[in-house]
Amino acid sequence: MDYLQDIYFTNINAVYNLGGYFSLPKNGDWSCSDEPFEQNKFYYIMDGSCTININGIPFVGNAGDWFFIPANTIHSFFNHKEKSFKKYWMHFDIYPDESLFHLLDLPYVINVGTKGKVKELFSKFSKLVNADDWIDKLTIKAILFNLIIEFIKNSKPEGIKLIQKTDERLNNLLRFINENLDKELNIKVLAEKYFSHPTHFIRS
């Protein structure tokens, strides 16, 4: 079974949490010490520069650089205060909660310039973040999916090569179901066989 195509991409969902446009004058401070964060992050640098340490590796971000920091990754950051600093940012979840970043073997940072489709998507997103209308919220969701697609496309110009993975837990669960079709198979039973909490099992 091709896990990514048959299971992961069939069930994928993305949820925006926080984000917008961020601007600092010269000598302003944007910094955080090493710590994990439970959501995925996008940082898209528009002006100035910064250093982002990801899993102990320092990356210098300049205008046009776009960072994807996967959920629960230890990282720190600081802006270079000799210049003003501007960026778009977004915190978001991806479900199933196994990291799309690692399944596709994506880089932490790519350069897409400060003009073009990515800039247009982030700009539109930043104008809608405080909107209450359900159409706007649906539009934000669509923008998030488009940003994920753009990051993947720009990361893999030679074509996306999926890391093949077999979900042994799922295979074992399907085998259990096939062997016990004459029994009551409720969510609690299936979740136990999947070694998962019922709520997490339903989402998965």
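The values are calculated or read from the model by the stated rules, or taken from the named source; none is laboratory data. What you see is a predicted model; the values in this text were computed from it and never measured. Cβ: placed from backbone, ideal geometry, glycine included. Neighbour counts: every protein chain shown. These area figures cover heavy atoms from the full protein model, side chains too; ligands, DNA and RNA do not enter into them. Shrake-Rupley method; radii C 1.70, N 1.55, O 1.52, S 1.80 Å.
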Inset, instruction - Determine the share of segment 48-131's accessible area contributed by carbon and sulfur atoms, expressed in whole percent, with a 1.4 angstrom probe. - result: 51 percent
Inset, instruction - Quote the charge dipole size of segment 1-90 about the Cα centre in Debye, to the nearest 20; the model charges only the Cβ of Lys and Arg (+1) and of Asp and Glu (-1). - result: 440 debye
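If the only charges are +1 at each Lys and Arg Cβ and -1 at each Asp and Glu Cβ, what is the size of the charge dipole of the chain around the Cα centre, to the nearest 20 debye?
Result for the chain is approximately 680 debye, rounded to the nearest 20.
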Inset, instruction - Note the angle between two axes, namely the Cα long axis of helix 168-179 and the longest principal axis of the Cα atoms of the chain, as a number of degrees from 0 to 90, rounded to the nearest 10. - result: 30 degrees
Legend entry - Where GluC sites (Glu not before Pro) fall in DSSP loop in segment 46-120, at most 10 other Cβ within 10 Å: E82
Inset, instruction - Express the accessible area of segment 1-138 per residue in Å², computed with a 1.4 Å probe while the remaining protein chains stay in the model. - result: 49 Å²
Inset, instruction - Would you check the accessible area of S31, probe 1.4 Å, heavy atoms only, in square angstrom rounded to 10? - result: 60 Å²
Inset, instruction - Output the pairs from K41/K127; K87/K137; K81/K124; K41/K141; K137/K193; K26/K87 with a Cα-Cα distance over 25 Å in this structure; if there are none, say none. - result: K81/K124; K137/K193
Inset, instruction - Let me know the Rg and Dmax you get for the chain when you use only its Cα atoms, in Å. - result: 19.8, 71
Inset, instruction - Find which of C32, Y108, T51 sits farthest along the positive direction of the dipole of the chain, computed with +1 on the beta-carbon of Lys and Arg, -1 on that of Asp and Glu, about the Cα centre. - result: T51
Legend entry - 0 to 90° range, to nearest 10: angle between helix 117-128 axis and the chain longest Cα axis: 90 degrees
Inset, instruction - Using only the Cα atoms of segment 38-140, build the gyration tensor, take square roots of its eigenvalues as a ≥ b ≥ c, and label the shape rounded, prolate or oblate: rounded if a/c is under 1.5, else prolate if a/b is larger than b/c, else oblate. - result: oblate
Inset, instruction - Note down the net charge around H75, summing +1 for each Lys or Arg and -1 for each Asp or Glu among other residues with Cβ under 13 Å from its Cβ. - result: -2
Legend entry - Most mobile of E150, E38, E179 in a GNM of the chain (Cα contacts under 10 Å): E179
Legend entry - Value of [θ]222 nm, deg cm²/dmol, for the chain, DSSP H segments ≥ 4, -39500 (n - 2.57) each, nearest 500: -9000 deg cm²/dmol
